[in-house]
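Inspection log for the structure reproduced underneath, given as C-alpha cells.
The values are calculated or read from the model by the stated rules, or taken from the named source; none is laboratory data. What you see is a predicted model, and the numbers here were worked out from it, not measured in a lab. All Cβ positions, even for glycine, are placed from backbone atoms using ideal geometry, and neighbour counts span all protein chains on display. In case anyone asks, the SASA skips ligands and DNA or RNA and just uses the protein heavy atoms, side chains included. Shrake-Rupley method; radii C 1.70, N 1.55, O 1.52, S 1.80 Å.
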Amino acid sequence: NQYLKSTFMKKISILLLGLVSQLFFAQATRFLYQVSMKIDSTNRNDVKTENAYLDINPEKSIFYGENRVKRDSILGRARQTGSFNFDRTQMQNLRSNIDFTIEKNSKTGVKTVQTRIARDQYSYDEDRPMDWKILPETAKIGEYKTQKAETNFAGRTWYAWFTTEIPFQDGPYKFSGLPGLIIKVEDSKGDYSFDLKETKKIAEVQTFNLTGNLIKLKRKDFEKQNALFKKDPVSFMQASMSSGRGNGPMRNTDPNQRKQMEERLKDEAKKNNNPIELQ
C-alpha cells in the first residue's frame, strides 16, 4: 500500500531528524571572540586585545579568557611535578584583563560571575535584567545575517548584532536574551567590543579547578570589596593576609620584592580606570 509506505517513511524521517537534533544539542559548541578593550581612559590609543571563549551545552554556557586556560595549564603542570621553575616572563605575558568566568544557567537564567580580587576568589550572581530593544537595521557579518539590538547595562549603552541562524539565545560576557547568538557587541563609546571569529564543536565545556577559598557575595557587596582594592590594593592585600585569607605572594617575599609588587599593584589600579561596568 503506497499510503502506508509513505506514512512509514515520513515517520522514519521525523525520527531521524529528531535524533540528529538531539545529537546536535547534546554536543557542546565553542565560540571564539576577539575582545578589544580600552582600560585606560587617559590613553585611548592603547587598545588591549585578547581572545575569549563562549562554551555552550544544553544545560549552561561559560565565558572565559584564553589566557586564563593557558596560565591554569602551566600552573597545573607545576603542581603535578612539584617544580615551579616555569618561565616568569611567559606567565607575565599571559596576564589577562579577562580574569573572570561567567556561567549562565540555561534553565534558571542565573548568571554567576567568578573572579579574583588580589589573591581571593569571589563569586556573585548578576541581579540586573538586560532589556533589549530590537532595531530594524540588519547587516551581513561574516557568513551570518544579523539584526541590530540595543540595551543599557551597567552604565553603558550597548549595540549587539545577533543571528537567528545559530539557535542559542546567548552571547559573550553577560550578554544574552536575544532570539539568536550575538555575533558582535560593542558599547557606544567604542571602549569595548566582542567579535565572533571562530566556531567549533567540542566534547564538553571548559571546567576550572578552584584554588583556595571561594567567597560568595551579593553583587553590591562584591563591588564594595572591589572598590576598596582599587582605592588601596596594598592595604587590601595586607588586610586579607592578616585575616588569614590571603595566600598570595606578599606573605613570604623579601622587602625589595614586596616593594616592586606594591608599585606594580598601584600602577595597575591607576591604569585600569575604565572598567567595562561603570555602574
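Results, tabulated for the structure shown:
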{"item": "Local electrostatic count at Asp127 - Lys and Arg +1, Asp and Glu -1, tallied over other residues with Cβ under 10 Å", "result": "+3"}
{"item": "Heavy-atom accessible area ranking, 1.4 Å probe, most first, across Leu196, Leu178", "result": "Leu196, Leu178"}
{"item": "Solvent-accessible surface ranking, highest first, for Leu278, Leu181 at 1.4 angstrom", "result": "Leu278, Leu181"}
{"item": "Given Lys60/Lys140; Lys104/Lys216; Lys60/Lys270; Lys133/Lys184; Lys48/Lys216, the pairs whose alpha carbons are separated by over 26 Å", "result": "Lys60/Lys140; Lys60/Lys270; Lys48/Lys216"}
{"item": "Order of exposure, largest accessible area first, which applies to Met241, Met37 with probe 1.4 Å", "result": "Met241, Met37"}
{"item": "Low-density loop cleavage sites - chymotrypsin sites (Phe, Trp or Tyr not before Pro) in segment 40-86, where at most 14 other Cβ are within 10 Å (DSSP)", "result": "Phe84, Phe86"}
{"item": "For Phe168, residues with placed amide H under 5 Å, excluding near neighbours", "result": "Leu181"}
{"item": "Environment charge of Glu137, counting only residues whose C-beta is closer than 15 Å and scoring Lys/Arg +1, Asp/Glu -1", "result": "+3"}
{"item": "Accessible surface of segment 147-279 [probe 1.4 Å, protein heavy atoms]: carbon and sulfur percent", "result": "45"}
{"item": "Sum of side-chain charges, Val234 neighbourhood, beta-carbon under 12 Å (Lys, Arg +1; Asp, Glu -1)", "result": "+1"}
